[in-house]
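Everything below concerns the one structure shown next.
A short reminder: the numbers here are calculations on the coordinates, not readings from a lab. Source: prediction; values computed, not measured. Heads up, the Cβs are rebuilt from the backbone with ideal geometry, glycines too, and the neighbour counts pull from every protein chain shown.
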Amino acid sequence: MENSQEEQLESQIVTLYKEKEELESEIGSSDIDLIIKEFESLEKELSYLYSFKENYRKVPTNSIQIESIRAAYIPNHRFHKNNTR
């Protein structure tokens, strides 16, 4: 019975080290604080992008006069409610 527990513990340790090596290989670190900080930073950036998408609308440049770009972002409040292009 005790040998089985030792084998389970050894198996868990081997698995943990494999996961640690995979994290270091894939994202360059296995430091949990660094990973959490990076995740939170990405979450904030994604929230910003979603808020940008909600507050601005991409319109073809032929709707406004701008040279040398294909599209522009205009705040939604600048459009009339009945204009849904």
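Values for this structure:
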quantity: Two-site FRET efficiency, residue 46 against residue 10, from Cβ-Cβ distance with R₀ of 41 Å, rounded to 0.05; calculated: 0.55
quantity: Reachable aspartates and glutamates, given that their alpha-carbon falls under 14 Å from the alpha-carbon of residue 53 and they are not under 8 places away in the same chain; calculated: 45
quantity: Kirkwood-based Rg to Rh ratio, segment 1-78, C-alpha trace; calculated: 1.42
